[in-house]
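Q: First, the structure itself, so that you have it in front of you.
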Amino acid sequence: MKILVINAGSSSIKYQLYNMKDESVLASGRVERIGTESAIVTHEPAAGPGVREVSGILDHVTAVRRVLDLLLHREHGVVASIAEIEAVGHRVVHGGETFKASVLVDDEVKRSIRDLFDLAPLHNPAALMGINAVEQNMPNMPQAVVFDTAFHQTMPRHAYLYPIPMALYRRHKIRRYGFHGTSHFYVSERAAEMIGRPIAELKMITCHIGNGASCTAIQGGKSIDTSMGLTPLEGLMMGTRSGDIDPAVVPFVMSKEELTLGEVNSMLNKHSGMLAISGFSGDMREIVEAMEDGDRNAKLAFDMFCYRLRKYVGAYAAAMNGLDVLVFTAGIGENSAHVRKAVCEGLTFLGVQLDETANQRHSKDARFISAPDSRVKVLVVPTNEELIIARDTFRLVSERKAAGDSPVSRGQ
Ligand SMILES: Nc1ncnc2c1ncn2[C@@H]1O[C@H](COP(=O)(O)OP(=O)(O)O)[C@@H](O)[C@H]1O
Ligand SMILES: CC(=O)OP(=O)(O)O
Ligand SMILES: [Mg+2]
């Protein structure tokens, strides 16, 4: 079975086409700057030459049509007909309390995703646009949705509730949800496999540090706490998001600077984090480069980023009364030896001993970076959210086929 995985953002679509027989990737690519006359399309088949083009792509429907054209292309394509693709799986960031597992898409699921727009205004509308774009370009195609929040639905109440009036939880479902769940799940399973111990007996902390960054405490394979909250703004310092701050800053700044709700929201999501502290970039690669050239603000941004992450690792070790495994993943976690070193340096009291040579070694593979006698095993595990989406989609579509196309079940 061939499955197309789509991760739709507000102005981009990333895709991968899987052959589920051996879970190989037949082609991958992305469409960026959707909505402009200069959208960038990058298409990479597993074999043969790829495509990079700039063209006017004004909406997600057009973007998906272009992706399908490329998958079918005489020279760069990987399938002979669209009928070879049996299902499409989507990443949806917010599933609220409605979705504890992945589900097949129907009208009710689409309605629920729409109901959650308020909680993820940057992410959920884009996902729904992706689903609708597939519907229009590939009528009757089975589609599944995999939620960033689902893995964290195991958190206990004392971890997910905020100490604010309970009426707000009852009326508006204001609570911690957590994100990047697909990634935290994938890397935790992979780390347990590499260590060769059942995940049920391990206390792990997984650090997904990319543009968005979050840290999760995983005990016995279940998320028991995570740093992102109601929205992907809480927790760690990020590229352009503040992460944790005193909530009183919001009304204070609004009054002093005469900002509207929208403006303060934009300040915290788009103009804060490493971008605000460095004064020039939210991109860790550029921060590290500038720091090495002696830029003091870049150094401050780097130090704050690592310090705040280290505090979370300490807190989650306390939440689990111990730590066996520390995992780094996503763009920064997989590539920045500097960040991993700075975070681990302050964790020797927990039993974290880095192997400096292993930490510096560049590799695309999952690997250990702790010293052989380190009590806590430290690993770098490249994330693969798309593979989990493809697997869940494959399972749901196969189950429906086996049930003879009976009505779709709604997860748990
Ligand atoms: N070699 C590297 N050294 C330091 N940071 C890196 C390196 N490669 C990528 N990054 C950082 O990873 C981040 C992007 O992470 P990624 O997981 O790709 O983000 P996204 O959330 O967009 O998927 C950026 O801050 C980028 O600078
Ligand atoms: C939820 C979230 O922050 O996602 P991303 O890292 O893709 O921005
Ligand atoms: Mg990401």
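Q: For region 283-292, just list the computed ³J(HN,Hα) in residue order, Karplus coefficients 6.51, -1.76 and 1.60, θ = phi - 60°, integers in Hz, with x standing in for Gly and Pro.
A: So the J values, rounded to whole Hz, are 9, 4, 4, 5, 5, 5, 4, 5, 4, 5.
Q: Mind listing which GluC sites (Glu not before Pro) in region 35-103 are in a DSSP loop and have 14 or fewer other Cβ atoms within 10 Å?
A: Sparse-neighbourhood loop GluC sites (Glu not before Pro): Glu75, Glu97.
Q: Same structure, new question: Within the P(r) computed for region 122-186, what percentage of the Cα pairs occupies the region above 19 Å?
A: 52 percent
Q: Calculate the all-directions average of the projected area of region 230-271's alpha-carbon convex hull, and give it in nm².
A: Taking a quarter of the hull surface, the average projection is 2.9 nm².
Q: Roughly how big is region 136-198's charge dipole about its Cα centre, with Cβ charges of +1 (Lys, Arg) and -1 (Asp, Glu), in debye to the nearest 20?
A: Dipole magnitude for region 136-198 comes out near 440 debye.
Q: Return, for the Cα atoms of region 271-412, the radius of gyration and Dmax in Å, separated by a comma.
A: Looking at region 271-412, its Cα Rg and Dmax stand at 19.8, 65 Å.
Q: Going by a ≥ b ≥ c, the root eigenvalues of the Cα gyration tensor, does region 63-138 fall in the rounded group (a/c under 1.5), the prolate group (a/b larger than b/c) or the oblate group?
A: Prolate shape, in that a/c is at least 1.5 and a/b is the bigger ratio.
Q: Find out how many positive minus negative residues lie around Val51, taking Lys and Arg as positive, Asp and Glu as negative, among other residues whose Cβ is under 13 Å from that of Val51.
A: With Lys, Arg at +1 and Asp, Glu at -1, the neighbours total 0.
Q: At what distance in nm do the modelled label points of Arg65 and Ala248 sit from each other, each positioned 7 Å from its Cα along Cα→Cβ?
A: It works out to 5.6 nm between the two label points.
Q: Right, something else. Could you check how much of the accessible area of the chain is carbon and sulfur, as a whole percent, using a 1.4 Å probe?
A: 51 percent
Q: By average Cβ neighbour count within 10 Å, what is the ranking of 154-165, 201-212, 62-73 from highest down?
A: Final packing ranking: 201-212, 62-73, 154-165.
Q: For the chain, what is the accessible area per residue in Å² when the probe is 1.4 Å?
A: Averaged over the residues of the chain, the accessible area is 46 Å².
Q: Give the shape of region 60-215 as rounded, prolate or oblate, defined through the alpha-carbon gyration tensor: a ≥ b ≥ c are the square roots of its eigenvalues, a/c under 1.5 means rounded, and otherwise the shape is prolate if a/b is larger than b/c and oblate if not.
A: oblate
Q: OK, next. Sorted by mean Cβ packing within 10 Å, highest first, what order do the peptides 143-152, 317-326, 226-235 take?
A: Working: 143-152: 27.3, 317-326: 18.6, 226-235: 23.2.
Per-residue mean Cβ counts within 10 Å order the peptides as 143-152, 226-235, 317-326.
Q: Short version: ³J(HN,Hα) in whole Hz for each residue of region 295-301, in order, from phi by Karplus 6.51 cos²θ - 1.76 cosθ + 1.60 (θ = phi - 60°), x for Gly and Pro, what are they?
A: Those phi angles translate into 6, 6, 5, 5, 4, 5, 4 Hz.
Q: Given just the C-alpha atoms of region 222-303, how large is their convex hull per residue in cubic angstrom?
A: Value for region 222-303: 113 Å³ per residue.
Q: What shape does region 19-105 have by the C-alpha gyration tensor, where a ≥ b ≥ c are the square roots of the eigenvalues, rounded means a/c under 1.5, and otherwise prolate means a/b greater than b/c and oblate the rest?
A: Verdict is oblate for region 19-105.
Q: Taking N as the number of residues in the chain, what is its Cα Rg relative to 2.2 N^0.38 Å?
A: Ratio of Cα Rg to 2.2 N^0.38 Å: 0.99.
The values are calculated or read from the model by the stated rules, or taken from the named source; none is laboratory data. In this text, all values refer to a predicted model and were calculated from it rather than measured experimentally. Cβ coordinates were reconstructed from backbone atoms using ideal geometry, including for glycine residues, and neighbour counts include every protein chain displayed. Calculation scope for accessible area: heavy atoms of the full protein, side chains included, ligands and nucleic acids excluded. Shrake-Rupley method; radii C 1.70, N 1.55, O 1.52, S 1.80 Å.
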